[in-house]
Protein chains: 2
Amino acid sequence: MTVTIDPAAVAARFRDELRAQLAEERTPLRLVGILAGEHGPSHTYATYAQRACMELGIHFELRKFPRLEAEAAIRSANADPAVHGIMVYYPIFATEHDAYLRDLVDPGKDIEGLHSSWARLLYENRRFVDAEKTRKAILPCTPLAILKLVEAAGFFHERGRPLEGRTVSVFNRSEVVGRPLASMLAHDGAHVYSFDVDGPLAFEPPPDADGAHRLSESPITRAEALAASDIVITGVPSKDFPLIRGDELRAGSLCINFSTYRNFADDISGKAACFVPRVGPMTVLMVIRNALRLRRNAQGG
Amino acid sequence: MTVTIDPAAVAARFRDELRAQLAEERTPLRLVGILAGEHGPSHTYATYAQRACMELGIHFELRKFPRLEAEAAIRSANADPAVHGIMVYYPIFATEHDAYLRDLVDPGKDIEGLHSSWARLLYENRRFVDAEKTRKAILPCTPLAILKLVEAAGFFHERGRPLEGRTVSVFNRSEVVGRPLASMLAHDGAHVYSFDVDGPLAFEPPPDADGAHRLSESPITRAEALAASDIVITGVPSKDFPLIRGDELRAGSLCINFSTYRNFADDISGKAACFVPRVGPMTVLMVIRNALRLRRNAQGG
């Protein structure tokens, strides 16, 4: 029997933890969501964020604009000292222009952890912003949510590196999820096969505790990687992706899909130990967690 | 009769100017080209750069790597005080990973002018790096090369803003060429229609001399834009783009193609006043011009 894990149930536990931490803040967190353009399910995500914030006593203001006003909206929220955190809902242009906008957000308010300065710290496995190690770096919200779900599914070791010796396949190598996720998994001890249109890469654990992941081209096939994987994570935004079938999986594996498309066939049930069909409810909480961390950093770490 | 302009002939004039400026330098410029991955005509471009540098007494070292070593190669060149400028040949991954690499190059050595910090100055129409206006900002090499070719074709006014009152259509809105080019044209006084997969935008001249271009969604069609344009610039990297035909053009217009694909039909001959079939030879010289400027900035402006 495959256990289906509802990310909303896992999120409920994190919500309680966050509520306790938020209670220590003297004034409420004030977050701004920027919704521009008409693409995709952004409005739904924004509604989730609004609800999650409301439940935690966080002020969340959703601001809507035509796409050409997104840049000015970001600059304005950057400049406003009353705004602690900014979420921008992509796609806006659905071209590389979106990456330009992503890097316009002040890293100190980038609660989604998408700015390239956060990515650089992540890839170097640097956990702190400062040499004195008083201000913690933040991690991108969706990869962080996925790691928390891997832990909740019981796939973390209690001692040592939590994914030591595990093999993981990740189908997606986007700059916002798949690539940082592969690096984070490797930093936690996993051997990761990362699949994307430009061929498989292997992310290997750092040889020493403070090092960064090692990267190599990999000749592995999808079939070989799936047969070897304890954990399979997908985020393929396409109807044309051949669904991952039960007979491709290793028995007892954990399957997680963070795409809004189906990436797994129904017959994984019975073969996989656990299936997490979506990640969104956890992502929102990781954004709030990042918001709290960035605010504490701003207050001096 | 349509005059075909050979960019190499225009480049020859700039080479003489640059030679005179380079003669004032006490030690030769040292540039590094980073060639990684197997995509596209990068090796040819690198050879052009090598030849142009040799002719000008500039030291140019081409370094070749597997794609996974590009990042370390950029970091190493950034850190080496003996390297004045870095060119990276894209595509390397041909995914958004390339934009990550682009921003790893030290802006002070980014002689192609592709770093997002240069893009931000450009879009804000800020011509200097510093408030004291001693160190000039640099412009991205291909858009700059195109503007020099527009000037060489006789389409610049001698007084006031050089493109005041001109209408320009640009087919391409990439972050490295089409979008910065549209902004630069508007800063020079032109009304620009920018076409890309996500719909036409209008870039309008700033209302005052120090301001930035204004941007709006445009309902204009390709046919209307071409019929109104004094200058048509294309950079569509696709065989499927319907070639621009002579009957779509305004008589006496200037046509420039910076793509490696054909974007204009043969029958533009006779309708256009001038045709510039490629831009590459000018781009290389603009890179060298930027290298000189960045070195002078480093020496204190």
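Bear in mind these aren't lab numbers, they're just calculated from the coordinates by the rules spelled out. Just so it is clear, the structure is predicted and the values come from calculations on it, not from any experiment. Cβ sites come from the backbone with ideal geometry, for glycine too, and all protein chains shown count toward neighbours.
Label-to-label distances for residue B:57 across copies, nearest first, come out at 7.3 nm, using points 7 Å from Cα in the beta-carbon direction.
3J(HN,Hα) couplings calculated from phi for region B:97-108 with the Karplus curve 6.51 cos²θ - 1.76 cosθ + 1.60 (θ = phi - 60°) are, in sequence order, 4, 4, 5, 4, 4, 4, 8, 7, 5, 4, x, x Hz; Gly and Pro show x. Under a 5 Å amide H cut-off, with hydrogens placed 1.01 Å from N, residue B:3 pairs with B:274, B:275 among residues at least 5 apart or on other chains. For chain B, the longest principal axis of the C-alpha atoms and the axis of helix B:280-298 are separated by about 50°. Toward the positive end of the charge dipole of chain B, with +1 on the Cβ of Lys and Arg and -1 on the Cβ of Asp and Glu, the farthest Cα among B:191, B:143, B:228 is that of B:143.
Where only DSSP H runs of four or more residues are counted, chain A gives -10500 deg cm²/dmol as its mean residue ellipticity at 222 nm, each run worth -39500 (n - 2.57).
Consider a paramagnetic label point 7 Å from the Cα of residue A:174 along Cα→Cβ; state which residues of region A:127-160 have an amide N under 13 Å from it. Only A:141-143 fall inside the zone, counting backbone N under 13 Å. What is the calculated FRET efficiency for residue A:21 to residue B:43, with r their C-beta to C-beta distance and R₀ = 51 Å, to the nearest 0.05? That pair, residue A:21 with residue B:43, gives E of 0.40. Placing unit charges on the Cβ atoms of the charged side chains and taking the dipole of the protein assembly as shown about its Cα centre, the candidate lying farthest along the positive direction among A:1, A:162, A:263 is A:162. Between the Cα long axis of helix A:70-79 and the first principal axis of chain A there is an angle of about 60°, rounded to the nearest 10. Comment: the Cα-to-Cβ extended label point of residue A:25, at 7 Å, lies 5.2 nm from its counterparts in the other copies, nearest first. Where chain B is carried onto chain A by rotation, the Cβ closest to that axis, with its residue and distance in Å, is B:99, 3.
With springs only between Cα atoms under 10 Å apart, run a GNM on chain B and tell me which of B:184, B:54, B:282 wobbles the most. Per the Cα network of chain B with a 10 Å cutoff, B:54 tops the list.
Counting Lys and Arg as +1 and Asp and Glu as -1 over every other residue whose Cβ lies under 11 Å from the Cβ of residue A:126, the net charge comes to +1.
Within region A:287-301, what residues put their amide N at less than 13 Å from the label point 7 Å along the Cα-to-Cβ vector of residue A:9? In region A:287-301, the label zone of residue A:9 (backbone N under 13 Å from the point 7 Å along Cα→Cβ) covers no residue.
Here region B:26-107 is treated with +1 on each Lys and Arg Cβ and -1 on each Asp and Glu Cβ, and its dipole about the Cα centre works out to around 280 debye. The residue A:1 and residue A:130 beta-carbon pair, evaluated with R₀ = 35 Å, returns a calculated FRET efficiency of approximately 0.15.
In summary, the lysines within cross-link reach of residue B:133, defined as a Cα separation below 20 angstrom excluding same-chain residues under 8 places away, comprise B:109.
Using only side-chain charges placed at the Cβ, +1 for Lys and Arg and -1 for Asp and Glu, the dipole size of the protein assembly as shown relative to its Cα centre rounds to 840 debye.
Relative to the Cα centre, what is the charge dipole magnitude of region B:214-287, using +1 at the beta carbon of each Lys and Arg, -1 at the beta carbon of each Asp and Glu, and rounding to the nearest 20 debye? Approximately 180 debye in magnitude. Available extension along the chain between residue A:261 and residue A:222 is 12.1 nm, counting 0.36 nm per residue and deducting the alpha carbon span. The trypsin sites (Lys or Arg not before Pro) of region B:1-41 that meet both conditions, a loop assignment by DSSP and at most 11 other Cβ atoms within 10 Å of the site Cβ, are B:26.
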